[in-house]
Every structure is written in structure tokens, then in C-alpha cells.
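Reading through the C-alpha cells given below for one structure.
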Amino acid sequence: SKDGNSVISPVGNRISVFDLKNNKSETLPASTTKNISCLGISPDGNLAILIDEDGAAILVSLVTRAVLHHHHFHSPVHSVSFSPDGRKFVITKENVALMYHAPGRNREFNAFALDKSYYGPFDETTCIDWTDDSKCFAVGSKDMTTWIFGAQRWANLIYYSLGGHKDIIVGCFFENDSLDMYTVSQEGTLCVWESDTELEGLRKGPKYSERKKMEEEKKKREEGESNEDDDVEDIVGEDGETRGDVIKGSADTPKQVEGIKNVCYSQRSKHYFNKAGDFNKLTAAAFHKKTHILVTGFASGAFHLHELPEFDLIHSLSISDQRISTIAMNPTGDWIGFGCSGIVLNQVCSSDVTNVAFTSSGFVVVSASLDGTVRAFDLHRYRNFRTMTSPRPAQFSSLAVDSSGELVCAGSQDSFEIFLWSMQTGRLLEVLSGHEGPVSNLCFSPVQSVLASVSWDKTVRLWDMLDSWQTKETLRLTSDGLAVTYRPDGQELAVASLDGEITFWTPQTGGQTGSIAGRHDLQMGRKETEKITAKQSAKGKSFTSLCYSADGESILAGGQSKFVCIYNIKEHVLMKKFEISCNLSLDAMEEFLDRRKMTEFGSLSLVDEGTGDGDGVELSLPGVKRGDMSSRRFIPEIRVSSLCFSPTGRSWAAASTEGLLIYSLDASLVFDPYDLDMDVTPASIRQQMKKKEWASAILLSFRLNEMPLIREVLEAVPYDQITVVCSSLPDVYVDKLLNFVASTLEKSNHLQFYLSWAQCLLTLHGQKLKNRSGAVLPTVQQLLKSIQRHSDDLSKLCDWNIYNIRYAAALSKQRGMKRTAAESLSDEEEEEEEEVEMDSGGDEENIYNE
């Protein structure tokens, strides 16, 4: 980002913003049709251009999070880059570079207005870089050449081609305030190019078409021919209108304009990243112009930092064994971001992690894996402090921890048994047998020591943990059981089965209280390799994950579909369906097959094209870490593997093929007015603040509902006026103000100020808030969470300060004791010397008398 504190990265068909200072992330609501292949950010940080695999682009405002414009480039785009002045941007596709006028403050029907097309490379283009003054830009290509083009009509620089490499150009970079260049290729070679002309030496010239026309006229005059035809080559758009010039480069050097010398480059030096006999493919590069630092990433997962132009190695490190796909540096050069597609930092388990669960304290997380281990991790020290195993090898597919955090159990998918351990000792307490099929899910009752287990044997078993772990009840299902969960009060049990039904049971009596047929709500798409239609395929789909809402009135259900359904339990009706993805790069997204991919020999999607450079999931032979030529790729299928509601009930999360998705009722909108009229404006609100009408200003700011303005008004209220303002607020604004205070307190530094607001609101309106506790409970829980977090942070700081003060006091006391001892020792020595002198004086007197 522009301030250098955030990383903006594509995740599937959306972009996420990772805040490096506050350790938070946000996913923007805008999305493309397929996976995003390249991303460009304007210099002011307000606009972003997202381009997907097919070349479909959207213009997104990073301020309002809204989509401003749609455009299609009709072929895959390799890179996009804004000019430093923000007036132009260049995209590269195939072997051409297209320069557009960047969208600005002027309202235009077409936000992407084509300016020029630049031809030169003979193969696909790979990278772009601009000079600091936006006068020229460079384009790298797979034909091992780098082309420099003038963004304006320069008489002495139309195009220039640089060679010197034996592989694909990975990066090309201009030096700071100069036309000097660095080019980096895939075989690990760096070429340093020096220009004989400075940026100030570029001279304006005629249009390329006019220049070509002048050359032809001169040639015809020399040959004695008349110039009757005009040969002007322009860009012609799809609507037939002329859009701009076509600049075509060739291997020959452009002819000079009379009296102006063309720009010329010479190779200053050449350096190699790989040692003799060692080949490591260079896959990504980035250059920070102010610090002259070049960062290069390799296919082995290693990266190097060099200082240019001397090519001095600063640092070398390996971050993984995966290929580094992209590198970015922030404007100040403090942060370096590395992107690795498919990176897995698996330091503990040797196989897939199938389930995770927190203990009730929240400081321990437990994981189950197919490697036959259940591991407990301490979130204070971030270490694995307990590893639990079974007597014989087993693959654990389900996991549950009881409400006390003392009992841990895991279900096996191969031996059909449930293993029970003690968290404190890690000792195996019991092996629960009785299921005749793989155990698919486990769940502890939140109010009793009862474990519910569901299996493929069409049964749900309730195990009493206090009565020798005996089976308390067995519930019979009509199909294979896939998921089970308790209601938060422990008085109801929900079970999902293979036939697409959700059944509800009373755990105390073992009776069924209702069922929901959800198969028709899944709406599964058709996979590209399937021979049957999506409608027939949906008959074999089902829910694989269930979760109750915080109040227990609704239930979330997800599974082998792109939809997550929320049902009303009492009425047994579908309340809403959430489409978790619209990314067509995933499989089973569309109901009908794409006829454009069908041939007389079958679907083109069935052709295995090998690993290539695609974004599919790579399958390799067991034990092979890198360089596996037999690896193949498949397109991931959309599905939801797990669902979970937050304790406040205001948000829920879904683990899906596209990643972890979080849906919330508290999503902040830029403009969401409440009871708005013509008189409610920022100017009128600030006018009330000048009059010191604090209550009126707060009411007006909440009606406009702009968060920065509400914060401005609230922080302008004098501390001694908080009680007066809170007492005069209407009830409807008390809830809004308390919600704002709870959300602001989490990240504000004005702790006492906002705590005073919360205290006054709860003291003055506590009884009314208690009467509608169901509505304000999430807000109060969020307030408690914020206060607890600040309390933990401050207590750590205070403990550290107390320790330092005690240490300093002890050190000072120790030094004081040493000083006192030294002083007392010196006093004793002085007394002894005086006594010696007195004795010697007495002896002399006696001798004199004698």
C-alpha cells in the first residue's frame, strides 16, 4: 500500500488487505469471474485494477470498496502497472503493450481509454517498469529481450531493444531518476545497462505516424515520385473509432531526426546468481530504487538480497521448499513480501490435519491428524506440549474436547473406534468400541459429561463419561451419519445424514423432534468430468457440517456445494442461502457444461496438460520434494468442510476450498444513514459542535452514520460533560452509541475516555438495556472482549514495569550497601591509623623522658 503498512494480495477471485501493524486482514467484497492473475494499484492508493485469467478486468475503489468499471481485454493479461504520476497505466498481453489513460476525477463513460499500442517483442510479455518521471517504460519478454518505449513522442527514443540473456526475462528495472537499466532472466543472469542520455535529455518529436509519413515523402522525393497516398497507421477500436497510434518496433535502430541523436545503451556489466555447476531457476524479482536493493526469489524457495550496481550480496535465506512466485517491497524498503503458491509450513505433523478444537480456557488448541497423533499446543509459548497416540496405528478424522478441557477424544476412520485421553497426563484412558463403520464426527455436550458420536453405520451413540464410559443411548438413522452437534444449552441434538436430511433429537429421551430435507437446497453444479447432469448429481450430495447459532434458534448447514444454508429450527424452513464463491476457476460451479470446450473427441477439460504454469493443485509422487516430472494438476472442487458460529452470534466462519470465509452482521459500511433528511450534513454537525450542543451533534452524526465523523464528535465532548450527554440520549441511540464505543475501544488508545462513556451508558441505562438483553448481548460481549484484551496488555506492561522497578531498587540497594561497607571500612582504617599514630607518639614521649 501507499503507506507501506499493508500488503494487498489476490486470494482466488478476491483481494485481501493484510494490515502489518495491527495484525489484521480484510477481504474486499469485489470479486472477478475467475482467479485473479494480476493486480495494479494506483500511486495514490485509491484505485485497483483486478484482471482475471481470461482478461476480464474490474476497477475497484479501495476507499469505498465499490466496483467502478468493468472491462474485458479479450485475452489473458500478464502484467499491469500504473505510471508514477498516475495519469497512465500499461497492460501487457500476448506480445503487445497497451497504454491507457488512467481513470481520474473526470467522469467518463469509458474509464479505460486506449492511448497507444506498442509492438516489438516476438513472444509473450512478462513484466513492466516505469521511469520515475513517467516518460518511458520497459517491457520484458519471453523472447529473452527487453524493450524500452517512450510514453510520450520523443524524437530520440521511440523504442530500444536490449538482449544479452539466454532465458525468459523475469524483471526489468530502471535506476532511480535515470534511463539506466537492470534486467534479470530466469537462468540467473543480471545485466547492467548504461544509457548515454539522461531523462532531461529526451526531446519532443513529431507523432510516429507523421514521422513515418515524412520519411516516406523524403524517400519519394529522392526517387522522384509523387506522394499521393497517406500511410498513417492508427489504432481502430471495436466501434470503428480511431483511438491512438500504433508504435511498431523492429530489430533495426530507429532513424534519427535531423540534429537530434538517438538514445543508445551499452552493457556495463554482467553478473550470475548461480554458482558454477549449480542451476537454480530464478522465478521472481523486485528492485527498490531509493536503497538500490535487488531481491530475487528462486524455485527452491531461497531468496537473495544484493546491492546494485556493485552486486554485493547482503543476505541469502531459504523460506520454504516451494517456488517463490512474486516479490514486493514497501515504499520505504522496510518490508519484503514473498508470495508462494501452495506453500505449506508443516513443521509438526507428517500428514493432513483433519480437525482442530479449542479448550474452554482458549489458551490450548488441539489438532487431530491422519498421521495417528492428537497434539495439544500452548498458545502462550506456541509449542506442542502434549502428543497423544493410540496403541496401534489409526487415522483420526474427528476430534472433540469436553467443556472442562480435561478429556480429549478422537474417532478413527479405519478401526471404527473412539480413543479417550487425559489432557493433563496425556495417558490413554479408554478405547470406546461399538460402531460398525468409520466414526465421522464427535461432539461433547456443553452441560453434561456426555459424548455424542455419529458413524457410517447409521447410528448416533451417546457415551456417559461419568459411568465407566458406557453407551447411554443409541439413536437409529435412516442413512449414514456425517455430522452431529449439540445445541448451546445441551437440550437438543442435530444430525446430518447421507440422504441430505437434518434430524433433531432430544438427548435425554432419545426421541426425534423433527427433520429438515435439505437435499434440494444444495444445488450442486456439474463437474467437468461427470457424465450425468447436475440435477442427478445432487441426489448423491449431503451436508457434512452443522453448527447452531448462539441463541439456538437457527442452524447452519454446509457440505458438498457452493451454498451454505441457514434454517429456522422451530419452523423447519430455509431462512437464507449464502453463496460462498462465484469463482469459475473452481470445479462444480456451473450447472451446465461449457459447450465451447466440447469437441468430437470429448471435453477439453479431460486433457491432462501437465503441471505447466497453471494454478491447479499439484499432485506429486510420494517422497518427492522438488523436480518431479510426473506431477499432474487437478481443479479443486468447491465444498464447505467446516462451519462455526462466533460466541457473540454476530458472525460465523466457513472453511471452504477458497479458504476461511467470515460472514458478519457488523461489517462496517462507508455510508449507511439512519433517519436522514436534508438538514443532516457534516457542516451542520460541526456547527452544533461549535455551539457546544454535544447531544444534538451526537444524534445528527449517528443519523448520517459516518464512522470518522462520529468519532470526531464523540472525542470533542469534554470529559465532565459525558454524564450529562448520556442522560439525555434517546433509547434508540443508546444502543448505537454503546455499539460504537465497544467497537472503537478495541483499537483506540483513549482507554479511560471510552471506558467512561461505557460506564455512564451502562449505569444510566442499565435497567432498560437489561429488558432488551437479547438485542444488546453481542454488544456487551464485544465490550467485555475489548476490556479484557486491554486489561491483559496493560497487566503485562505493568508487571514488566514493576519487575524493572524492583530490579532497579534492588540494584540501587545493593550498590548502597557496597558503598556503606566501603565507607565503614575506610572509617575503620582511619581510626586504626590514628591509634597507631597515638601509640607511636606515646612511645616517643617515654623515650624522651627516659
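The values are calculated or read from the model by the stated rules, or taken from the named source; none is laboratory data. In this text, all values refer to a predicted model and were calculated from it rather than measured experimentally. Note that each Cβ is placed from the backbone with ideal geometry, even for glycine, and that neighbours are counted across all protein chains shown. Just so you know, the surface numbers come from the protein's heavy atoms only, side chains and all, with ligands and any DNA or RNA stripped out. Shrake-Rupley method; radii C 1.70, N 1.55, O 1.52, S 1.80 Å.
Answer yes or no as to whether K135 is farther than 20 Å from D85 by Cα, of a type outside the set (S, T, N, Q) and modelled with pLDDT of 90 or more. Spell out the reasoning first.
Working: farther than 20 Å from D85 by Cα: no; of a type outside the set (S, T, N, Q): yes; modelled with pLDDT of 90 or more: yes.
The answer is no for K135.
Under 22 Å from D457 (Cα atoms), open to solvent by 40 Å² or more (accessible area, probe 1.4 Å) and modelled with pLDDT of 90 or more: which single residue out of Q491, Q512 fits that description? If you could, list the steps in order and put the result at the bottom.
Working: Q491 fails: under 22 Å from D457 (Cα atoms).
When all the criteria are applied, what remains is Q512.
Reported count of residues in the range 526-579, each being touching a residue at least 40 places away in the same chain (Cβ under 8 Å) and within 20 Å of V454 (Cα to Cα), is 14. The condition (being over 30 Å from G171 (Cα atoms), in contact with a Leu (Cβ under 8 Å, 6 or more places away or on another chain) and either modelled with pLDDT under 90 or charged (D, E, K, R) (or both)) is satisfied by just one residue among D371, D378, D414, D352: D352. Per this entry, F358 is counted among residues that are modelled with pLDDT of 90 or more, among the hydrophobic types (A, V, I, L, M, F, W, C) and surrounded by fewer than 17 Cβ atoms within 10 Å (Cβ to Cβ).
Every residue, every condition in (1) outside any loop (DSSP other than H, G, I, E, B); (2) in the same structural domain as P438 (by the TED database); (3) under 28 Å from F645 (Cβ atoms), yes or no:
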residue: A328; (1), (2), (3): yes, no, no
residue: F338; (1), (2), (3): yes, no, no
residue: S360; (1), (2), (3): no, yes, yes
residue: F385; (1), (2), (3): yes, yes, no
residue: P391; (1), (2), (3): no, yes, no
residue: L399; (1), (2), (3): yes, yes, yes
residue: F416; (1), (2), (3): no, yes, no
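For a quick check of your reading: which strands (runs of 3 or more DSSP E) sit entirely within the range 37-88 and have at least 3 residues that are touching a residue at least 24 places away in the same chain (Cβ under 8 Å), among the basic types (K, R) and under 13 Å from I15 (Cα atoms)?
On the way: elements: 47-52, 56-61, 67-72, 77-82.
In the range 37-88, there are no strands (runs of 3 or more DSSP E) which contain 3 or more residues that are touching a residue at least 24 places away in the same chain (Cβ under 8 Å), among the basic types (K, R) and under 13 Å from I15 (Cα atoms).
Within the range 455-490, can you find the residues that are closer than 21 Å to V401 by Cβ, within 40 Å of the chain's Cα centre (by Cα) and free of Cβ contacts under 8 Å to residues at least 60 places away in the same chain? S455, V460, G481, G490, listed by residue number.
Okay, residues lined up against (1) farther than 24 Å from E658 by Cβ; (2) modelled with pLDDT under 95; (3) of a type outside the set (A, V, I, L, M, F, W, C); (4) surrounded by fewer than 19 Cβ atoms within 10 Å (Cβ to Cβ):
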residue: P29; (1), (2), (3), (4): no, yes, yes, yes
residue: S42; (1), (2), (3), (4): yes, yes, yes, no
residue: A48; (1), (2), (3), (4): no, yes, no, no
residue: V63; (1), (2), (3), (4): yes, yes, no, yes
residue: H74; (1), (2), (3), (4): yes, yes, yes, yes
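Exactly one residue out of G500, G518, G559 is of a type outside the set (D, E) and closer than 21 Å to I635 by Cα: that is G559. Among the residues in the range 115-136, are any in contact (Cβ under 8 Å) with a residue 24 or more places away in the chain, farther than 30 Å from G45 by Cβ, assigned to a loop (DSSP other than H, G, I, E, B) and of a type in the set (K, R)? No, that holds for no residue.
All conditions in (1) closer than 29 Å to R789 by Cα; (2) surrounded by 15 or more Cβ atoms within 10 Å (Cβ to Cβ); (3) without any contact (Cβ under 8 Å) to a residue 40 or more places away in the chain hold for D19, with the sole exception of (2).
Scanning the range 411-449 for residues that are among the hydrophobic types (A, V, I, L, M, F, W, C), more than 19 Å from A496 (Cα to Cα) and open to solvent by less than 40 Å² (accessible area, probe 1.4 Å) returns I418, F419, L420, W421, M423, L432. In the set (1) loosely packed, with under 15 Cβ neighbours inside 10 Å; (2) touching a His at 6+ places or on another chain (Cβ under 9 Å), the condition left unmet by K290 is number (2). Among the residues making up the range 371-402, those that are open to solvent by less than 70 Å² (accessible area, probe 1.4 Å), over 16 Å from N441 (Cα atoms) and not β-branched (V, I, T) are D371, G372, R375, A376, F377, D378, L379, N384, F385, R386, M388, S390.
From the set of residues in the range 302-318 that are in a loop (DSSP other than H, G, I, E, B) and open to solvent by less than 60 Å² (accessible area, probe 1.4 Å), which is modelled with the lowest pLDDT?
Within the range 302-318, the first condition is being in a loop (DSSP other than H, G, I, E, B), and the residues that meet it are 308-311.
Okay, now just the ones that are also open to solvent by less than 60 Å² (accessible area, probe 1.4 Å), so 308-309, 311.
On the way: L308: 92, P309: 89, F311: 92.
Result: P309.
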